[in-house]
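Once you've had a glance at the structure underneath, I'll fire off some questions.
The values are calculated or read from the model by the stated rules, or taken from the named source; none is laboratory data. Worth saying up front: this structure is predicted, and the values here are computed from it rather than measured. Here the Cβ positions follow ideal geometry from the backbone for every residue, glycine too, while neighbour counts run over all protein chains shown. Accessible surface areas use protein heavy atoms only, side chains included; no ligands, DNA or RNA. Shrake-Rupley method; radii C 1.70, N 1.55, O 1.52, S 1.80 Å.
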Amino acid sequence: MNVVLLGPQGSGKGTQADMLEERLEIAHLASGDVLRAARESDTELGATVRRFYDAGELVPDAITIELILDSMRRHMAGGVILDGFPRNLAQARALDAALAAAGQRIDAVVELAAPLDVVRERLVGRRTCRAQGHIYNVVTNPPATAGVCDVDGSELYQRPDDNPQAIAKRLEIWARENGELTRYYGDRGILHRVDADRTPEAVLEDAVALLGRLGARPVAEG
Ligand code: AP5
Ligand code: MG
């Protein structure tokens, strides 16, 4: 099964995708993770990604589409949960074409809905694990020891785009692009909305139930 998660920054796409990956045994592919890795490289590509990423701007399609689809092709055998991609119609069309070429399609698009004042607060409090990108929040999901990842012990840091200016820019871009994406998937009858202004566990249960009805096979909670 191939799933796309939509929703504003801070709605919980990464948080839910990590948990869905375990419950559904479907690989989680986050465009932000792929671009954060590219951002670290000491190359012209790395410098370009840094410039856009750090300002909260979308990285140009020509770079993003190639990097994400390349990564997706390596994961797609068992299906994929896409988080952060696509973000505009050009990306959605490129994704459809890549899946069609492999005899696949998007089975479900889940839009995580949460008010903008709620997501802004969450982003300011987010801390991210340096080693593997595990997601915390100083208010809603603190680690056992401040500044240290519960899972792998690595340092927790504040993402360079989690500052007020970049957050405002990211949410502005989201507001501009989201309508055409939801129309695109709504017209295909595969768009589903989940209320994400609740605990992560409550959101997860709705998402698992929804995807279960659409054919996913959840594994028992461990
Ligand atoms: P990306 O990494 O995708 O970031 P984003 O779009 O800004 O989205 P976030 O990761 O901020 O939000 P999320 O919904 O995943 O929230 P999370 O689960 O972490 O992209 C970063 C940048 O990369 C972009 O700005 C752009 O430059 C570039 N990029 C990426 N994709 C691109 C593309 N396709 N095209 C072009 N450029 C691209 O949760 C947030 C916080 O809330 C956490 O602290 C979490 O603990 C907390 N939280 C989560 N759920 C709940 C809950 N239910 N209750 C309380 N707290 C919660
Ligand atoms: Mg994310």
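So the check is Cβ under 6 Å with 6+ separation or different chains; which pairs have a first residue in region 26-45 that's in contact (Cβ under 8 Å) with a residue 60 or more places away in the chain and in a helix (DSSP H, G or I) and a second one that's open to solvent by less than 30 Å² (accessible area, probe 1.4 Å) and within 11 Å of ligand 1 (Cβ to nearest atom)?
Listed pairs, sorted by first residue: Asp33/Gly133.
Pairs, please: C-beta under 8 Å, at least 6 apart or cross-chain, first residue closer than 14 Å to Arg120 by Cα and in region 167-181, second assigned to a helix (DSSP H, G or I) and open to solvent by less than 30 Å² (accessible area, probe 1.4 Å)?
From residues that are closer than 14 Å to Arg120 by Cα, the pairs are Ile167/Leu123; Leu171/Val119.
Give region 121-137 a look and list any residue that's more than 15 Å from Arg198 (Cα to Cα), over 16 Å from the mean Cα position of the chain (by Cα) and open to solvent by 80 Å² or more (accessible area, probe 1.4 Å), or say none.
Within region 121-137, Val124, Arg130 meet the criteria.
Conditions tested, residue by residue: (1) surrounded by 13 or more Cβ atoms within 10 Å (Cβ to Cβ); (2) more than 30 Å from Gln165 (Cβ to Cβ); (3) over 18 Å from the mean Cα position of the chain (by Cα); (4) more than 16 Å from ligand 2 (Cβ to nearest atom).
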residue: Gly56; (1), (2), (3), (4): yes, no, no, no
residue: Asp61; (1), (2), (3), (4): yes, no, no, yes
residue: Leu89; (1), (2), (3), (4): yes, no, no, yes
residue: Ala94; (1), (2), (3), (4): yes, no, no, yes
residue: Ala97; (1), (2), (3), (4): no, yes, yes, yes
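Residues of region 138-191 being outside any loop (DSSP other than H, G, I, E, B) and either among the polar types (S, T, N, Q) or open to solvent by 70 Å² or more (accessible area, probe 1.4 Å) (or both), which ones?
Hits for region 138-191 are Asn141, Glu155, Pro164, Gln165, Glu172, Arg176, Asn178, Thr182, Arg183, Asp187.
If you don't mind, there's one more thing I want to ask. Could you identify the single residue in Leu171, Leu191, Leu211 that is within 16 Å of ligand 2 (Cβ to nearest atom) and either in contact with a Ser or Thr (Cβ under 9 Å, 6 or more places away or on another chain) or at negative phi (or both)?
Residue meeting the stated conditions: Leu171.
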